[in-house]
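Engineer: The following block contains the structure, expressed as structure tokens.
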Amino acid sequence: MQNFKHKKHLFFDLDHTLWDFDKNSAFAFEAIFKERDFNISLDDFLKIYIPRNQHYWKLYQVNQISHEDLRYFRLKDVFDALQFKVSDAIIHEISEDYINYLPNNNHLFEGAIELLDYLQPKYKLHIITNGFASVQTKKIVNANLDSYFETITNSEMAGVKKPHPTIFDFALSLANASKEESLMIGDSFEADIIGAQEAGIEAIFFNEQNIEVENQVYQIKHLLDLKNIL
């Protein structure tokens, strides 16, 4: 079993790694649909929304779309697929409501707090996230995660998004950490793992969904698996 105990700085992704984005997203949409009295199945909506959101985030990460397009089209696509008629104006309103509602629910992945309690005395902990700064800050504070992390790097601060190496260099500089003593942990193989590796940082893939990947990289299925190697 690979051992990373020599590392001094651990960099975590936030959404889909510590913060349970899909569960919290579902609660946000449930509140929005109830408030607007939408006769729409939340399950049917989410089955389409989750992969469409991931699709547009991948485009956003490599600067192929703006964050405005991300917020609009991930909703537009779902309503169109469900043949649920809603105006562009309402889609934009729902997009804003969603961003405001999202940080109000702060379910974390199982074992997240236990893991952070275990790691904090041993390592310096940090976050690198592509999420929007104001939203991510609310998530971190509302989920009581802020006391665990010494630095938080977001893409707005760095001027680029993961997997661009500059965001990793920015995070290392902010943390006063070297590449050799640092480790990235995240759920996005492209953004977190390939991005970190190309920046010269070792990485661990939080592969909860059991995605097949070609590259050889250390993988975990549950956050508490990290206690075996850290």
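The values are calculated or read from the model by the stated rules, or taken from the named source; none is laboratory data. Owing to the predicted nature of the structure, the values given are computational and were not obtained by experimental measurement. Here the Cβ positions follow ideal geometry from the backbone for every residue, glycine too, while neighbour counts run over all protein chains shown. Only protein heavy atoms, including side chains, enter the accessible area calculation; ligands, DNA and RNA are left aside. Shrake-Rupley method; radii C 1.70, N 1.55, O 1.52, S 1.80 Å.
Engineer: What list of ³J(HN,Hα) couplings, whole Hz, do you get for region 42-52 from phi and the Karplus terms 6.51, -1.76, 1.60, once you set θ to phi - 60° and write x for glycine and proline?
Structural biologist: Per residue, the Karplus-derived 3J(HN,Hα) values read 4, 4, 5, 4, 5, 4, 8, 5, 4, x, 5 Hz.
Engineer: From the helices alone, meaning DSSP H stretches of at least four residues, give me the mean residue ellipticity at 222 nm for the chain, per-run term -39500 (n - 2.57), in deg cm²/dmol to the nearest 500.
Structural biologist: Details: 9 runs with 102 residues, N = 230.
Dividing the helical sum by the residues of the chain leaves -13500 deg cm²/dmol.
Engineer: Could you pull the accessible area for HIS164 with a 1.4 Å probe, rounded to 10 Å²?
Structural biologist: Around 80 Å² of this residue is reachable by solvent.
Engineer: Let me ask something else. What length, rounded to one decimal in nm, is gained on full extension from TYR118 through to ASN215, with 0.36 nm per residue of separation minus their alpha-carbon distance? Could the numbers behind the result be given before it?
Structural biologist: Working: separation 97, 0.36 × 97 = 34.92 nm, distance 2.90 nm.
My answer for the length gained is 32.0 nm.
Engineer: Next question, about the same structure. Which Cα, out of LEU42, GLN2, GLN209, lies furthest along the positive dipole direction of the chain (beta carbon charges, K/R +1, D/E -1)?
Structural biologist: GLN2
Engineer: Right, here's the next one. Between the helical axis of 88-101 and the dominant principal axis of the chain, each derived from Cα atoms, what acute angle in degrees is found, rounded to the nearest 10?
Structural biologist: 40 degrees
Engineer: Answer with one residue from SER66, ALA158, SER95: the one whose Cα lies farthest towards the positive end of the charge dipole of the chain, charges on Cβ with Lys, Arg +1 and Asp, Glu -1.
Structural biologist: ALA158
Engineer: Along region 170-180, what does the Karplus equation 6.51 cos²θ - 1.76 cosθ + 1.60 (θ = phi - 60°) give for ³J(HN,Hα), rounded to whole Hz, x for Gly and Pro?
Structural biologist: 3J(HN,Hα) across region 170-180, in whole Hz: 4, 5, 4, 5, 4, 8, 6, 10, 8, 5, 5.
Engineer: Work out how much length HIS107 to LYS47 would gain on full extension: take 0.36 nm times their residue separation and subtract the Cα-Cα distance, in nm to one decimal. Don't skip to the end; give the middle numbers.
Structural biologist: Working: separation 60, 0.36 × 60 = 21.60 nm, distance 1.95 nm.
Using 0.36 nm per residue and subtracting the Cα-Cα distance, I get 19.6 nm.
Engineer: Taking all protein chains in place and a 1.4 Å probe, what share, in percent, of the accessible surface of the chain do carbon and sulfur account for?
Structural biologist: Working: 5110 of 11090 Å².
It is 46 percent, rounded to a whole number.
Engineer: Here is a further query. Would you mind computing, in nm to one decimal, how far apart the modelled labels at GLU156 and ASP225 are, each placed 7 Å from Cα along Cα→Cβ?
Structural biologist: With each label point 7 Å from Cα toward Cβ, the separation is 3.4 nm.
Engineer: I would also like to ask the following. Using a 1.4 angstrom probe with every protein chain in place, what is the largest-first accessible-area order of ASP69, ASP187? Mind showing how you got there, number by number?
Structural biologist: On the way: ASP69 60, ASP187 40 Å².
I get ASP69, ASP187, largest accessible area first.
Engineer: Please give the charge dipole size of region 1-101, origin at the Cα centre, charges +1 on K and R Cβ atoms and -1 on D and E Cβ atoms. Round to the nearest 20 debye. Could you put the intermediate results ahead of the total?
Structural biologist: Details: 13 positive and 17 negative charges, 131 e Å.
Charge dipole, region 1-101, about its Cα centre: 640 debye, nearest 20.
Engineer: I would also like to ask the following. What number do you get for region 1-126 when its Cα radius of gyration is normalised by 2.2 N^0.38 Å, N = residues? If you can, show how the numbers build up before the last one.
Structural biologist: Working: Rg = 17.8 Å, N = 126, 2.2 N^0.38 = 13.8 Å.
Compared with the compact-globule rule of thumb, region 1-126 sits at 1.29.
Engineer: Please work out the average accessible area per residue across the chain, using the 1.4 Å probe convention, and give it in Å².
Structural biologist: 48 Å²
Engineer: Further question: Going by alpha carbons, how many degrees (0 to 90, nearest 10) lie between the helix axis of 133-142 and the longest principal axis of the chain?
Structural biologist: Taking the Cα atoms of the chain, the angle to 133-142 is about 80 degrees.
Engineer: Rounded to the nearest 5, what % of the DSSP beta bridges within the chain are antiparallel ones?
Structural biologist: Working: 1 of 21 bridges.
Roughly 5 percent of the beta bridges in the chain run antiparallel, per DSSP.
Engineer: Just report the Cα centroid separation between region 130-206 and region 37-92, whole Å.
Structural biologist: 26 Å
Engineer: When the convex hull of the Cα atoms of the chain is projected onto a plane and the area is averaged over all directions, what value comes out in nm²? Walk me through the intermediate numbers first.
Structural biologist: Working: hull surface 49.0 nm².
Taking a quarter of the hull surface, the average projection is 12.3 nm².
Engineer: Rg and Dmax of region 106-230, using alpha carbons, in Å: what are they?
Structural biologist: 13.9, 37
Engineer: Counting trypsin sites (Lys or Arg not before Pro) as exposed when in a DSSP loop with at most 15 other beta carbons within 10 Å, what is the longest stretch of the chain free of them?
Structural biologist: On the way: sites that count: LYS5, LYS8, LYS85, LYS122, LYS179, LYS221.
The longest such stretch corresponds to 9-84.
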